[in-house]
Structure formats: structure tokens, C-alpha cells
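Some notes on the structure that comes next.
The values are calculated or read from the model by the stated rules, or taken from the named source; none is laboratory data. The model shown is predicted, which means the values in this text are computed figures rather than measured ones. Glycine gets a Cβ as well: all are built from the backbone with ideal geometry, and neighbour counts include every protein chain shown.
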Amino acid sequence: LNMMGLNLSLTEEHLAVQQAARDFAQTELLPGVIERDESQHFPDELVRKMGELGFLGMMVSPTYGGGGMDTVSYVLAMEELSKVDASASVMVSVNNSLVCYGLEAFGTEEQKQKYLVPLASGKTIGAFALSEPEAGSDATSQHTSAVDMGDYYLLNGTKNWITNGGRAGIYLVIAQTNPEKGHKGINCLIVEKGMEGFQIGKKENKLGIRGSDTHSLMFTDVKVPKENRIGADGFGFKFAMSTLNGGRIGIAAQALGIASGAYELSLQYSKERKAFGKAISEHQATQFKLAEMATNIEAARLLCFNAALDKDNHRDYVKSAAMAKLFASKVAMDTTVEAVQIHGGYGFVKEFHVERMMRDAKITQIYEGTSEIQKIVIAREILK
Ligand code: CAA
Ligand code: FAD
């Protein structure tokens with residue numbers, strides 16, 4: 001694959017990761033995916049298997065029990081898992097990009113030993129808590145407070161929409177310590193499930209990614225030891241933004257996978273379904289839909305690899321990650337809507353998967369920064 005003057009040849013290792021993710025998705029994720037969507041329940045057993053296969057700590061250094069893989073491998077795995085089950089892949093994305101990456105890049109050696117090691121192996125799973133009932137896109141206006149009490153922080157407030165909220169053992173919680181300093185007063189604290197005063201709120205009943213658990217979190221006078229702060233005092237907002245840059249590559253790859261999964265099903269179905277004496281794939285209207293899907297997916301894939309290569313080669317990836325997420329999430333939405341159309345009435349029922357993919361696609365335009373926020377990020381980068 002030749003792009004932007006760079007020659008990206010997938011290595012044996014890349015191909016092996018891609019194949020492992022494809023096999024896992026087909027044999028383990030596909031069988032129960034419709035039921036998980038309906039019941040909104042994701043069995044612990046499947047999470048354990050994802051951990052055993054190394055999907056939950058793919059990019060973490062082997063020193064801390066991770067797979068030591070690059071971002072290109074991560075994109076390949078995310079695409080394959082998302083082709084089948086976007087609820088499984090969001091767990092993989094949050095654990096890898098937001099939680100493990102954040103701890104590995106900015107945590108102390110003690111924090112890495114205590115928290116990163118179990119997270120990288122999937123022994124426990126992590127959550128990233130930035131959003132609040134009244135602060136989503138406008139992430140600097142944090143209402144959750146972390147008051148400095150000397151050797152601990154007193155944490156109070158509510159977080160909303162937290163992925164892995166019920167399942168996680170370790171939470172990275174963003175909170176305001178010094179309101180007078182604005183975003184430079186914000187800290188990120190590592191909070192453990194079971195700390196006194198930490199309550200997990202109700203599970204949301206959602207349009208899509210219904211197998212993924214999304215909860216609110218409530219903190220009432222939770223005493224978080226000082227040593228659980230990540231980075232220097234006031235580093236929390238920069239921490240959140242830095243981890244989200246990589247997270248956006250993961251979600252872009254998730255969107256890419258949802259799109260390519262829906263496209264593959266549509267391609268196959270269009271060759272089998274007959275109308276007016278021939279396969280619907282022989283009608284030009286269907287061919288044009290397939291041609292457009294394939295072209296958009298290819299473009300989305302190149303943007304994902306472009307962002308992954310920027311990250312792997314230590315170039316700035318703020319803009320390329322935002323572009324990949326903005327574009328791939330639109331491709332996921334457009335492709336899945338057309339996939340339902342190609343399937344006709346069958347597309348509207350659960351057994352054919354594409355209606356779920358259409359519902360799942362929507363979230364990729366909302367979380368880890370809405371499409372409007374990605375445009376703000378891109379515009380700032382190109383105008384600065
Ligand atoms: N990378 C690094 N630093 C960044 C950054 C980025 N992408 N974006 C902003 N910053 C830095 C700025 O440089 C600035 O720091 P300095 O003052 O030191 O220069 C600081 O952050 C504040 O930035 P702004 O002045 O630009 O702040 P703003 O309020 O005008 O806008 C924003 C910031 C880009 C809109 C930001 O609030 C944002 O990204 N919002 C979206 C929040 C989001 O993505 N939430 C996702 C939650 S997690 C999730 O959703 C997980 C999941 O679903 C699975
Ligand atoms: P708002 O910020 O209120 O936005 C509403 C609308 O206004 C959007 O269309 C937005 O684009 C637009 N808008 C806002 N500001 C501007 C502007 N300046 N210019 C133009 N348009 C603007 N958060 C976490 O911290 N951790 C998680 O694990 C997590 N998981 C999630 C899982 C799910 C299923 C969902 C639904 C959300 C999750 N989120 C998580 C929260 C998610 O990141 C936010 O919902 C998202 O950032 C948008 O914030 P909001 O919902 O408050 O919308």
C-alpha cells in the first residue's frame with residue numbers, strides 16, 4: 001500500500017493480527033451478536049477471551065504485559081472486530097487508547113505496575129470518565145471537583161455516558177481542582193471500583209452498541225490518594241486531549257469496520273437476491289451503491305492508516321486522527337443506510353445484521369468528540 005509518499009507494506013505480524021481478529025470475530029463474536037444487542041448484556045467470558053488473545057492491551061509494551069504492537073495493527077484489529085460487533089470493539093478501543101495508553105505515556109512507574117499491568121492483560125478493564133451531564137463537547141467546563149486535601153483529593157460530582165462504566169475495575173476520572181485556573185486547573189485521578197463514596201449509576205438503554213455498558217458515575221466525598229493523580233498538578237485536561245487523539249484513531253477504525261462489515265454483507269446479498277429475473281447486483285442502481293460504498297471505505301481506510309502512521313512515526317497526529325474519525329464515521333452512517341436499502345425488507349429485520357450496524361454506526365459520529373468537534377479541531381490545525 002503506497003500512500004502519501006510512504007510505503008506501508010503490511011508485515012507478517014500485521015497480517016497475523018488481522019487474521020486473529022477476523023477469526024475471533026467470526027467464531028466467538030458472531031454467534032451471539034444479535035442476542036447481545038437485544039439483551040444489552042456482554043458476557044464476562046467473552047471479555048476474558050479478548051484479554052487472553054491480547055486485544056485489550058495490544059499497544060502496551062511487553063514490559064507491562066502488553067502486545068507491543070503498533071497503531072497500524074490496532075487499526076487492522078479494530079476494523080475486523082467492528083465488522084461483526086461494534087460493542088466488543090468499543091471495549092477494545094477504550095481500554096487500549098484511552099486507559100492503557102494514558103497510563104503508559106503519562107503514569108509513574110508505580111501506577112504502571114499497579115494499574116497498567118492488570119489492564120493490559122485484560123485481568124481488569126478500564127473506563128475513561130470525562131463527560132458530565134452538563135459538559136460533553138465543552139469538556140473544559142468540568143463540574144466534578146477534586147479538592148486538594150494534602151495527601152489526598154476529595155472527589156465530588158457526576159460523570160455521564162461512561163463506557164465500561166459497570167464492568168470496569170479502574171477509572172480515569174477528570175475533575176477540576178483549581179477553577180480559577182480554567183482548564184489548567186484540571187486533574188486526572190485513578191479511581192478504583194469499591195472506593196468509599198463511589199457509586200455506579202443506571203445503565204443506559206441505547207439505540208446502538210447495546211452490548212456495551214454505558215453508565216453514569218457518582219462520586220461523594222471519595223478520598224483519592226495523591227499518588228493516583230496522573231502527571232503534574234493541572235495536567236488533567238492536556239492528558240484527556242492527548243489520549244483522545246489516539247482514541248479517535250480507534251473510533252475511526254471502528255467506523256471503518258462497521259462500514260466494511262455492512263458492505264461485505266450487501267455485496268454477498270446482492271449476488272444472491274433475485275428481482276426481475278436477475279440478481280439485484282446486475283441492476284445498475286445496486287452496482288452504483290456498491291461502487292460508492294467501496295470507494296468511500298477505501299478512502300476511510302487510507303485516512304485511518306495515515307493517522308496510525310503519523311502516530312507510529314511520532315509525527316503530530318491531532319489533525320490526521322480527527323480527519324480519519326470525521327470521514328470514517330460519515331462513511332459508516334452512509335454505508336449502513338445503503339446496506340439496509342440493498343437488503344430491502346430483510347434489511348429491516350434483525351437476522352440480517354445490517355439494521356444493527358446502522359444503529360451502531362450513529363455513535364461513531366457522537367463519542368470521542370462529535371463530528372462538529374472534529375471539524376473545529378481540524379480547522380484550528382489548518383488555520384494555526
Ligand atoms: N490535543 C492536544 N491538546 C489539545 C487538543 C488536542 N486534540 N485539543 C485541545 N488541546 C489543548 C489546547 O492546546 C489547550 O491547551 P493550552 O492552553 O496549553 O494551549 C487546551 O487543550 C484547551 O483547548 P482549547 O483552548 O482549544 O479549549 P476549547 O474549550 O476551546 O476546545 C475542544 C476544546 C477541542 C472542543 C475539547 O473540549 C474537545 O475535544 N471536546 C470534545 C470532548 C471529547 O472528545 N469527549 C470525548 C469523551 S471520551 C469518549 O467519548 C469515549 C467513548 O465514547 C468511547
Ligand atoms: P453536546 O456537547 O451537548 O452537543 C450537542 C450538539 O451540539 C452536538 O451535535 C454537538 O456537536 C453540538 N455542538 C456542541 N458544541 C458545539 C460547537 N462549539 N460548535 C458546533 N456544534 C457544537 N464520555 C466519556 O467521557 N467517556 C466515555 O466512555 C463515553 N462513552 C460514551 C458512550 C456512549 C454510548 C455515548 C452516547 C456517549 C459517551 N461519552 C463518553 C460521551 C460523549 O463523548 C459525549 O456524548 C459527546 O462528547 C458529546 O457531548 P454531549 O452529549 O454533551 O453533547
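A few comments on the model shown:
- Of the residues in region 128-140, not one is more than 14 Å from ligand 1 (Cβ to nearest atom) and under 20 Å from S242 (Cα atoms).
- Filtering R273, R315, R248 for residues that are modelled with pLDDT of 95 or more, surrounded by fewer than 21 Cβ atoms within 10 Å (Cβ to Cβ) and within 23 Å of F106 (Cβ to Cβ) leaves a single hit, R315.
- Check on A240, touching a strand residue (DSSP E or B) at 6+ places or on another chain (Cβ under 7 Å) and within 16 Å of ligand 2 (Cβ to nearest atom): yes
- The listed residue being of a type outside the set (S, T, Y) and surrounded by 16 or more Cβ atoms within 10 Å (Cβ to Cβ), out of F305, F288: F305
Quick grid of which residues meet (1) within 14 Å of the chain's Cα centre (by Cα); (2) farther than 27 Å from F352 by Cα:
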position	(1), (2)
L46	no, no
M50	no, no
G54	no, yes
M58	yes, yes
Y64	no, yes
D70	no, yes
V75	yes, no
S87	yes, no
V92	yes, no
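- Within region 293-384, helices (runs of 4 or more DSSP H) holding 2 or more residues that are of a type outside the set (A, V, I, L, M, F, W, C) and away from ligand 1 (no atom under 16 Å from the Cβ): 318-343, 354-363
- Any hit, region 366-382, residues being touching an Asp or Glu at 6+ places or on another chain (Cβ under 8 Å) and either closer than 30 Å to A135 by Cβ or exposed (fewer than 14 other Cβ atoms within 10 Å of the Cβ) (or both): no
- Residue check, S141 within 20 Å of T370 (Cα to Cα), surrounded by fewer than 19 Cβ atoms within 10 Å (Cβ to Cβ) and of a type in the set (S, T, Y): yes
- Residue among E104, E180, E132 that alone is of a type outside the set (A, V, I, L, M), within 12 Å of ligand 2 (Cβ to nearest atom) and either more than 16 Å from the chain's Cα centre (by Cα) or over 23 Å from N205 (Cα atoms) (or both): E132
- Taken as a whole, the condition of being away from ligand 2 (no atom under 16 Å from the Cβ) and either more than 17 Å from the chain's Cα centre (by Cα) or under 22 Å from W161 (Cα atoms) (or both) does not apply to G369.
Rundown of residues vs (1) of a type in the set (D, E); (2) closer than 12 Å to Y263 by Cα, yes/no style:
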{"residue": "E292", "(1), (2)": "yes, yes"}
{"residue": "N296", "(1), (2)": "no, yes"}
{"residue": "Y346", "(1), (2)": "no, no"}
{"residue": "Q365", "(1), (2)": "no, no"}
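- Selection of first residues in region 228-245 that are among the polar types (S, T, N, Q) and of second residues that are not in a loop (DSSP other than H, G, I, E, B), restricted to Cβ pairs under 6 Å at least 6 apart or on distinct chains, gives the following pairs, ordered by first then second residue: N228/L189; N228/I190; T243/L98; T243/Y101; T243/G102; N245/V318; N245/A321.
- Filtered residue count, region 141-166, keeping only those that are touching a helix residue (DSSP H, G or I) at 6+ places or on another chain (Cβ under 7 Å), away from ligand 1 (no atom under 13 Å from the Cβ) and farther than 14 Å from K223 by Cα: 0
- Residues in region 4-31 that are without any contact (Cβ under 8 Å) to a residue 12 or more places away in the chain and either surrounded by 12 or more Cβ atoms within 10 Å (Cβ to Cβ) or touching a Pro at 6+ places or on another chain (Cβ under 8 Å) (or both): T11, L15, A16, Q19, D23.
- For region 141-153, the condition of being within 8 Å of ligand 2 (Cβ to nearest atom), modelled with pLDDT of 95 or more and of a type in the set (F, W, Y) holds for none of the residues.
- Residue satisfying condition, being touching a helix residue (DSSP H, G or I) at 6+ places or on another chain (Cβ under 8 Å), crowded, with 21+ Cβ neighbours inside 10 Å and among the polar types (S, T, N, Q), within set Q254, Q341: Q254
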